[in-house]
Amino acid sequence: MNKENLIKVKDLIDGVPEEKFDMTDWAVEHSCGTAFCIAGYATILAGYNYRYVQKHGKRSFVNDKGASGDPEVVGAQFLGLTEEEARDLFYGNFTDRMRYRITKDEALAELERMIADA
């Protein structure tokens, strides 16, 4: 695990309002703007920009070279996670709650646990 990048993601998530964190999907369009999950924020910190084309309903993360990236893959690489660790973190397997019900505080607690173990 990349402790430094885990801390960066935790600090970023900690600094956003509750409505800007949503574990439902990588990126979720709300009336107040876009909310991201752990993998979405990790992908942004890895240098990808989120793009949403409302006309087509198309969502993507694109780097400065124009290449798109899968948040599960990019996020796992940025955080130095194994496939199993990424799946557990990004799909909320660290709690018995449904992924869309995971709160920002629960996600932060799991990131803090991972940082302590890194």
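Any read-out appearing in this document is the output of simple, stated calculations on the displayed coordinates, not a laboratory observation. Keep in mind that this is a model prediction, so the values were computed, not measured. All Cβ positions, even for glycine, are placed from backbone atoms using ideal geometry, and neighbour counts span all protein chains on display.
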Sum up the charges of everything whose Cβ sits under 11 Å from the Cβ of ASN93, counting Lys and Arg as +1 and Asp and Glu as -1, but leave ASN93 out. -2
Quick one: which residues, 5 or more positions from ALA118 or on another chain, have an amide H under 5 Å from its amide H? H modelled 1.01 Å from N in the peptide plane, none for Pro or chain starts. none
Modelled FRET efficiency - R0 25 Å, LYS3 with TYR100, Cβ distances, 0.05 increments: 0.30
Given +1 on the Cβ of Lys and Arg, -1 on the Cβ of Asp and Glu, and no further charges, what dipole in debye does the chain carry about its Cα centre, rounded to the nearest 20? 540 debye
Using only Cα atoms and rounding to the nearest 10 degrees, what angle (0 to 90) does helix 104-117 make with the longest principal axis of the chain? 50 degrees
For peptides 43-50, 89-96, sequence by mean Cβ density within 10 Å, most packed first: 43-50, 89-96
Work out from phi, with θ = phi - 60° and the Karplus expression 6.51 cos²θ - 1.76 cosθ + 1.60, the ³J(HN,Hα) of each residue of the stretch 71-82, listed in order in whole Hz, and give x for Gly and Pro. x, 5, 6, 4, x, 5, 5, 4, 8, x, 9, 6
Apply the Debye scattering formula to the chain, with a single equal point scatterer on each alpha-carbon and no solvent, then give log10 I(q)/I(0) at q = 0.11 Å⁻¹. -0.33
Counted neighbours (other Cβ, 10 Å), sorted fewest up, put CYS37, CYS32 in the order CYS32, CYS37
Length-normalised contact order of the chain in % [C-alpha pairs under 8 Å, at least 6 apart]: 32 percent
What is the spin-label model distance, in nm, from LYS65 to SER31 if the labels are put 7 Å beyond Cα along the C-beta direction? 4.2 nm
